[in-house]
Each structure stands twice: as structure tokens, then as C-alpha cells.
Amino acid sequence: MNRPRTLVLMRHGKSGYPPGTGDHGRPLAQRGRREAALAGRWMSDEGLHIDAVLCSSSTRTRETLQYTGIDAPVTYLDEIYGGTPFDVLEAVRVYAPTQARTVLVVGHEPGMPETALTLDPDGEIDRFPTSAYAVVAVGDPWAELGTAAVADAHLVGVRVPRDGAAGPQS
């Protein structure tokens, strides 16, 4: 019997556009820092105790993770930056620790919502703005996640942290 696992797929916070800064190096805007912190509180309130993080190598994803306040081992990966669902799932299969029950992936759009829908094609995602995160219940071992042999995943919901919002809801 497989242990239940949770995959959290988070889009980076709202980024700034400083002159002369390329896409990979763009930092978070003030709003991005504030909403990433709110996302971290929501994850905690929801009982999502993150055991490991896989994070895109971009500046805005690194800063998003920093502002969530999540304190878990992190692996920074170039393949998540601009990654397709195949790239994201391959990163999880290769880098997620076997014993981790909850893994957070901090990446970009469209990779994060498309990965959630790849795992649960019947799931629904109406929108996935900056700082949003999808919670996916997973029954498969990380090393088999998203392979054709197994398909035990369910999109629990998408959370959109915004000031004044009620908090995490399914």
C-alpha cells in the first residue's frame, strides 16, 4: 500500500521589471513578496508541512520561496524554469526524497497548472495567477509520479492568496 503524499505546485509571486534585467533575473515586486508570505501562512494553516522543495533557479522563484517562510531542504533546478509538465514531473521523480510526504515545487506558468492537470486530467483550474498554488493528493511513489503505469493523483484545489481573502478553501 502506498503512503499518501501531497504535491504542491506554486507559481512564483508577482515580479518586478527593472530596466536591464533579463527574465531569469527578475526579482519580486512588493506585491509578490506580500502574497508569497500570505501563501506560506495559508499552507501552514492548511496543515501542509513541506518536507522538501524543488525550486526553479530564477530569482523570482527563489525570492517567492524565501518569503513563504518555508524551512525545508531545497533543490534549485534549471529544468523547472520554463519547464513543461514532463520536465516538472521528471524533476519530482528524480529529486523528491523518497521519505518526503509533502513536496513543494516553485515554478512558473504554464508549467505549474499544466502539471496539476497532467496528473488529474479531470481536475479544473479556472485561473492560476502569481502566488497561486495547486494542491495535488498523490498515492504513487515520487519515483513513479506521472508515469503511464500509475495514475493515482487528484487535484484537491487551487489557492489564490490575496489580501482580504478568506484563506485556503477547496
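Just so it is clear, none of the values below were taken in a lab; they were calculated from the coordinates. Because the structure is a prediction, the values reported are computed rather than measured. Because the Cβ atoms are built from the backbone with ideal geometry, glycine has one as well, and the counts that use them run over all protein chains shown.
Annotations
- Between the amide H of Thr6 and those of Thr102, Val103, Val138, distances stay under 5 Å, these residues lying 5 or more places away or on another chain, with hydrogens modeled in the peptide plane.
- Theoretical gain in end-to-end length, Asp122 to Thr84 [0.36 nm per residue, Cα-Cα removed]: 11.8 nm
- With helices as the sole contributors, the chain gives -8500 deg cm²/dmol at 222 nm; each DSSP H run of n ≥ 4 counts as -39500 (n - 2.57), and the sum is divided by every residue.
- Percent of beta bridges antiparallel (DSSP, segment 1-146, rounded to nearest 5): 35
- Contact order normalised by residue count of segment 11-159, Cα under 8 Å, 6+ apart, percent: 25
- Surrounding net charge for Val92, when Lys and Arg each add one and Asp and Glu each subtract one, Cβ distance under 12 Å: -3
- Principal axes of segment 1-133: Cα extent on each, largest first, Å: 53, 29, 29
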